[in-house]
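Trainee: This is the structure, below, for whatever I ask next.
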Amino acid sequence: MSKKLTRREFLKRSAILGTGVAGAAILNACAPAPTPVPPPAPTTAPAAPTTVPAAPTTAPAVPTAVPPTAPPTAVSKKGGTLRYAYNGDPPTLDVQWTTTNVTAWVGLHMFETLFTYDDKYGPIPDLAESYQVSSDGLKYTVKLRKGILFHNGKEMTSDDVDASLRRWGKLSGPGKTLFGLLDSLTSPDKYTLEFKLKSVYPLFETALAITGGQDSVIYPAEVIKEAGDGEIKQFIGTGPYKFQEWQKDRFLRLTRFDKYVPHGDKPIGYGGKKEAFLDEIRYIAVPDQSTRAAGILSGDYDYVDEAARDQYDQLKSNPKVKVSLDQTWRLAEDIFNLKSPVMADQKLRQAMLACVNCEEVLKASQGNKDFYRLSPSLMLEETRWATKAGGESYNQNNLDKAKQLLKESKYSGQTLRWMTTKEFAGFYEEALAASQQMAQAGIKIDLQVMDWATVVKRRANADDWDIFTSGWGIFVDPMLSPQFLGTYAGWWQTERAEALRKKLLGTADFKDRFPIWEDLQRLWYEEVPCINPGNTRGYRVMNAKLNDAGQLTVMTRAMWNAWFSK
Amino acid sequence: MVNQIARRLLTLIPVLVVVGITTFVLGHLTPGDPAAVMAGDSATPEQVERIRHALGLDLPLPVQLTTWAGRVVQGNLGDSIFMKEPVGQAILQRVEPTGLLTLLSLFFAILIGVPAGIIAAVRRNSWIDRLAMGISLAGVCIPSFWLGILLILLFAVFLHLLPAAGYVSLSEDPAACLRYLLMPAFSLGLAHAAFLARITRSSMLEVLHEDYVRTARSKGLGKTAVLIRHAFPNVLVPVLTVIGNSTAALLSGAVTTEVVFTLPGIGRMMIQSIARRDYPVIQGVVLCVAVVYVLVNLAVDIAYVFVDPRIRQGER
Amino acid sequence: MSKLRLPSTIEAPHISSRSSSLHWVWLLLHDSGAVVGGLIVLLVVVLAVFGAPLTGHDPLRVEPFNRLLPPSSSHWLGTDALGRDLLTRMLYGARVSLLVGLGTMVVSTLLGGLGGLVAGFFQSLDGIIMRIMDGLMAFPSILLAVAIMAARGPGIENVIIAITVTTVPRLARLIRGQVMVTRELTYVEAATAVGSKPLRILFWHILPNSVSPLIVQASFTFAVAVVTEAALSFLGAGVPPQEPAWGNMLQESMAVMMAAPWVSIFPGSAIAITVLGLNLLGDGLRDCLDPRTEESS
């Protein structure tokens, strides 16, 4: 099934696909200087929240990354066409229209957002130049950069931003949330926007930053008008690359936008100065992972973002290519349908949790040890939300306990329907291994392997399934994850969960929110709405002559600032 | 004769109707829909509904069917949901790779198979015969997609001689185009070459023992002349049959080959469209394949009439 | 018959006068190719039926820590990407291939044979039946297989249905041609003249003469089914992936081709060898039953 859509990447849906957490080392421990949450206190501190000192402090402890200090002559780095082999063409290039990751990965070369992230997940302005927050946290005044040009030569003004944000607010989940809290949005002048909120919203900048799926990118106002209720018909943005040509199933070409106006004088995480050294980025759809690997070995491609795990060792030792493990991990998960009568039984779910031998499951899913790690934390360890709370219940691998819990439960031998797919690497193997472990305790499981379109369809209907396999990319905030929000399929909407969520959403300060999150994670391990075997990751292979490509730790698909050595 | 052809062409209509309706029904009744795929995984049900409405998929099925049928009759196959272009255009763009692949495979098949069969027949039971037939047998038995994978391993990965995947248009660069099609055409054509070889051989054997051949030989005609003037034309009939069948088989065998070699052809588009539930494309392609199939059969049958006068009598 | 008629794409084969006796069996046993083929098929059947449980390994249980082991004394053919013994899975996979082949062969022979008989004999029904057959042939089997699988879930029955749809038309044409020729024979005309009922003629005279092409085609249909099942599983439209089946195994081997080529070589060879046996058998049958019949498949 060739699944042309890069669904495989939906994982990286990371509201933060964009955010890199450079040397995971930094970690939360040392509270990062820039504030991800606007402090309600300071009034007119114009530049304060925006300046990002990140660059000098840390040479990211990323093994392969070179801090993007621009070498002297920009001229010598220019040139070349990057042939990027990916899993499949995006369903559309209208970034606001779909949550699919590929659309964002390709689209973020052409379109930009008001905010983005530095390499520690702190939001920084991108198309915005600066912003101020009122002391009560209810008014945001955003100043746009001046002189930013769209690909058609027109200058970006607040009209374009206003039209784009309003459309995004209608089309996307986080957008709806934001606009739901909005009292008014006005443009006092052509470079300023004023947002008046009804209540404090700690996720303001985050929502307007890049997330890796359905981002609030800025289009020209006339393009939005032309689109009406449907998708945009022209791809015009402000990014360093512009749309050139798309021959479906053959290639998608982006070429350098010569009139790109840089945001600053050096790269900062995902923002700052984005330079287009490459003349062209050419995306080629190659659905099969071993074909991609074969292609890069034969010199047909320059960058492959997902190659077969088992070819890693071979590729590592080949001098023509460079490999690099993704710095970004993903959370593997098997989600229970709490609306299903049999799964509503908490003791049964706890029994299933007890059966799982996480290492075996992860090994089945990924093979090589480099590609998985055990981790009880529901928020990836690279974020500052990582915690081991409730972790005693992680990786129990205890069949006796499981059988005991099973006896105490109301389970009477029903067959549970487990949906999984082969379209995303590792899902099927993970489900197979886990379901066999549970079968040993006496739990009957019918593993149904189907294509992703069918999974998505059936998942929406609570009568159709009991468990399904999924995975998540990195989130900067637990309340950005639809899953922890409870609205995602699975419907973890118990009273205690809802109460904790409300508290978490209503509190502004990270140091107050963190303990609430820990409680939520503990509750998660107690109520077991899902099972998380652990974290997985992939790796990238690239032409040995390619530099600085995908070095942004989580935004491994950002090709700006990448260049070929001669 | 012309009447017959006309009548055969008319039968296209009921075939198309049945095929069209069946595909429509099958596609729409299959769970999963393009709106959900388009919306992406983290989309909420409302977002999916919005897209479904924008695509017109929330209308009742009979309405969708009649709308589609109405357009088809006017020659409009609709627009692809994911590729954002008319289905007809998408098909036409992909005809080149698939068509070239099929032709090249057929070319390999004929080029290798027919002479092999003739030689094997002429030197019956010699080692050449056994060797040729042995290889033919192997060719028929090896699954073409497996052969394709093995070829990629050998020629692309280890030897770096040929590309592992991709395609360049004939008009852009004929030499490169050939390079990309070489392995796929070979893996696809080999099985048919083997088949042709066997058929050619057995037909030749039959013919070589016919009276009229012996008569020709006894008249003093050289072996080769006999072969060319008398034997070979009679072999054409069964060979044509196989070519006709092969074309159809090649068109569908092209699907796995296109998947293995990542060729942007119709077969791969079908697989992708099925996975994404791109209904207009699925329906359009099936209709076109049906038309092609019937036409190819018709062409072969007409060729028969010209090649073998005995067929005109309706019996051998 | 001097009407100008466009033939259908398959020629009317000759009728062998020996088909009514069992002389062909004797001939078959003396055809070395057929014997080899038959032995191969027999071997596969025996291994599939009896050999599978004897290996001592579980074909289903994943053992990730044993993944991709090369052939050794404990795993004669090595293990696959999930640590399952390859030999065991191949033997159980043989069962799937044989079942699919057998199922397809039986159903399509019955349906195709019946369709062809009726179409060839009753001219009024000829047109309709052949047009339906044309429609069926035009249907890409993959689309059908995927649609059926998505609607009903993966499974052997659905694979058989999908493949049968594409093999029935060819059989039908073959038999139809045969029937049409037999119909013109003198003794049939005689029987009609004497007043025998059509059905009687159909079953007593025509059918026995049409059986031999069916038998010949049977083994080729079997072979086609085995390969098609592999192709469908390879594309993800066959039997469920956790079930051992050669097509599934080939598909899963692609991701580990370079690291562990044996995972691909063994199932691929199994398919090739089985199909080889079936083809040899089919050739032999054809040589004995109907030496002047054109191959058609």
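Taken together, the values in this text are just the output of simple stated rules run on the coordinates, not laboratory data. Source: prediction; values computed, not measured. Positions of Cβ are backbone-derived with ideal geometry, glycine not excepted, and every protein chain shown enters the neighbour counts.
Trainee: With a cut-off of 8 Å between alpha carbons and a minimum separation of six or more residues, what is the relative contact order of the stretch A:413-566 in percent?
Mentor: The normalised contact order for the stretch A:413-566 reaches 16 percent.
Trainee: Using DSSP to call loops (not H, G, I, E or B), can you name the trypsin sites (Lys or Arg not before Pro) in the stretch A:468-530 whose Cβ has at most 16 other Cβ atoms within 10 angstrom?
Mentor: The qualifying sites: there are none.
Trainee: Moving on to the next point. Going 7 Å from the Cα of A:ASP313 in the Cα-to-Cβ direction, what parts of the stretch A:334-370 have a backbone nitrogen less than 13 Å from that spot?
Mentor: Only A:367-370 fall inside the zone, counting backbone N under 13 Å.
Trainee: Here's a follow-up. If the cut-off is 16 Å between C-alpha atoms, which aspartates and glutamates fall inside it for B:LYS219, apart from same-chain ones fewer than 8 positions away?
Mentor: B:GLU210, B:ASP211
Trainee: Give the calculated FRET efficiency between A:LYS410 and C:TRP76 to the nearest 0.05, with a Förster radius of 51 Å applied to their Cβ-Cβ distance.
Mentor: 0.65
Trainee: Which listed residue (B:ALA54, B:ILE21, B:MET38) has the Cα farthest towards the positive end of the charge dipole for the stretch B:15-86, taking +1 on Lys and Arg C-beta and -1 on Asp and Glu C-beta about the Cα centre?
Mentor: Checking the options against the dipole of the stretch B:15-86, the answer is B:ILE21.
Trainee: To continue, here is another question. To the nearest 500 deg cm²/dmol, what mean residue ellipticity at 222 nm is calculated for chain B from DSSP H runs of n ≥ 4 alone, each contributing -39,500 (n - 2.57), summed and divided by the residues?
Mentor: Computed ellipticity for chain B at 222 nm equals -24500 deg cm²/dmol.
Trainee: I've got another one for you. Relative contact order for the stretch B:15-86 using alpha-carbon pairs under 8 Å, separation at least 6, rounded to a whole percent?
Mentor: 21
Trainee: A further question on this structure: Let me check against my output: what whole-number percent is the relative contact order of the stretch A:294-449, with C-alpha pairs under 8 Å and at least 6 apart?
Mentor: 24
Trainee: Based on the Cα atoms of the protein assembly as shown, what semi-axes does the equivalent ellipsoid have, where each is the square root of 5 times one gyration tensor eigenvalue, given in whole Å with the largest first?
Mentor: Semi-axes (√(5λ), whole Å): 60, 32, 28.
Trainee: Alpha carbon centre of the stretch A:153-186 versus the stretch B:34-64: separation in Å?
Mentor: Cα centres, the stretch A:153-186 to the stretch B:34-64: 23 Å.
Trainee: Cross-link partners among lysines for A:LYS545, C-alpha distance below 19 Å, same-chain residues fewer than 8 apart left out?
Mentor: Within reach: A:LYS77, A:LYS78, A:LYS316, A:LYS320, A:LYS322, A:LYS566.
Trainee: Going through the DSSP H helices of chain A, which span 18 Å or more along their own axis at the Cα atoms while scoring at least -0.5 as a mean Kyte-Doolittle hydropathy?
Mentor: Within chain A the helices that satisfy the rule are A:427-440.
Trainee: Could I ask something else about it? Could you work out [θ]222 nm for chain A from helices alone, using -39500 (n - 2.57) per DSSP H run of at least four and dividing by all its residues? Round to the nearest 500 deg cm²/dmol.
Mentor: The helix-only estimate for chain A comes to -7500 deg cm²/dmol at 222 nm.
Trainee: Give me the count of lysine pairs in the stretch A:396-510 whose alpha carbons sit under 24 angstrom apart, restricted to pairs 8 or more positions apart or on different chains.
Mentor: 8
Trainee: Please name whichever of B:ALA116, A:THR536, A:ALA227 sits farthest to the positive end of the charge dipole of the protein assembly as shown, dipole taken about the Cα centre and charges placed at Cβ: Lys and Arg +1, Asp and Glu -1.
Mentor: B:ALA116
Trainee: Expressed in nm², what is the orientationally averaged projection area of the convex hull enclosing the Cα positions of the stretch C:34-184?
Mentor: 12.4
Trainee: Assigning unit charges at the beta carbon (Lys, Arg +1; Asp, Glu -1) and nothing else, what dipole magnitude in debye, to the nearest 20, does the protein assembly as shown show about its Cα centre?
Mentor: 1900
Trainee: Starting from the stretch B:164-213, pick out the GluC sites (Glu not before Pro) whose DSSP state is loop and whose Cβ has at most 11 other Cβ atoms within 10 Å.
Mentor: Here the GluC sites (Glu not before Pro) that fit, given the DSSP loop and packing criteria, are B:GLU172.
Trainee: Treat every Asp and Glu Cβ in chain B as -1 and every Lys and Arg Cβ as +1, leave all other atoms uncharged, and give the resulting dipole magnitude about the Cα centre to the nearest 20 debye.
Mentor: Using Cβ point charges on Lys, Arg, Asp and Glu, chain B gives about 1420 debye.
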